[in-house]
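Shown next, in C-alpha cells, is the structure this report addresses.
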Amino acid sequence: MGKRRRGEHPSGLDQRSTEVLDFEREAWKLTVTKERAIRERFGFSPSRYHQLLHRIIDRPEALIYDPMLVRRLRRVREVRRRARTASGLGLRV
C-alpha cells in the first residue's frame, strides 16, 4: 500500500472529508441550528456543505471510514430524491 499524504486518514479520506463526516455523525447533538454550526465550524454556506457532503458519501473511502453513517446518509438522500421526483411528476409518495 502507498504512503499516506499528510492530513489523510487511513481510509484514504482527507482531513476535511473526515471532519465533515464526524460533524454529520454528531449533528443531532447540536445546541445551535445546524446551519449556524456549519458556518462557524467550516466557514462556508450550508448549500456548499451539502454539496461537499454528497460528494464525500459517494466515495468508497467514506464507506470504509464510517459504513453505518454513510449508508444512512445515502439512504436519506435517495428517499428525498424520490420524493422530489414524485412531487415534480404530481405523484404521491
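The values are calculated or read from the model by the stated rules, or taken from the named source; none is laboratory data. Computed from a predicted structure; not experimentally measured. Here Cβ is always computed from backbone atoms with ideal geometry, including for glycine, and neighbour counts include all displayed protein chains. These accessible areas exclude ligands, DNA and RNA; they are computed on the full protein's heavy atoms, side chains included. Shrake-Rupley method; radii C 1.70, N 1.55, O 1.52, S 1.80 Å.
Before moving on, here are some points about what is shown:
- Farthest toward positive dipole pole in the chain [+1 Lys/Arg, -1 Asp/Glu at C-beta], among Y65, A86, V20: A86
- For the pair R81 and E19 in one chain, pulling the backbone fully straight at 0.36 nm per residue adds 19.8 nm over the alpha carbon distance.
- Structure-derived Cα Rg over 2.2 N^0.38 Å: which label, when the choices are [x] 1.25; [y] 1.12; [z] 1.77: [x]
- Inter-part distance where the range 19-61 and the range 71-93 are each reduced to a Cα centre, Å: 20 Å
- Over the range 16-93, relative contact order from alpha-carbon pairs under 8 Å, at least 6 apart, %: 21 percent
- A 1.4 Å probe, protein heavy atoms only, puts the accessible area of V20 near 0 Å².
- HN-Hα J in Hz across the range 84-89 - Karplus 6.51, -1.76, 1.60, θ = phi - 60°, x for Gly and Pro: 5, 5, 5, 4, x, 9
- Rounded accessible area of S47 (nearest 10 Å², 1.4 Å probe): 80 Å²
- Förster radius 22 Å - calculated FRET efficiency between L89 and R55 (Cβ-Cβ, nearest 0.05): 0.25
- Residue-normalised accessible area of the chain, given per residue in Å² at a 1.4 Å probe: 75 Å²
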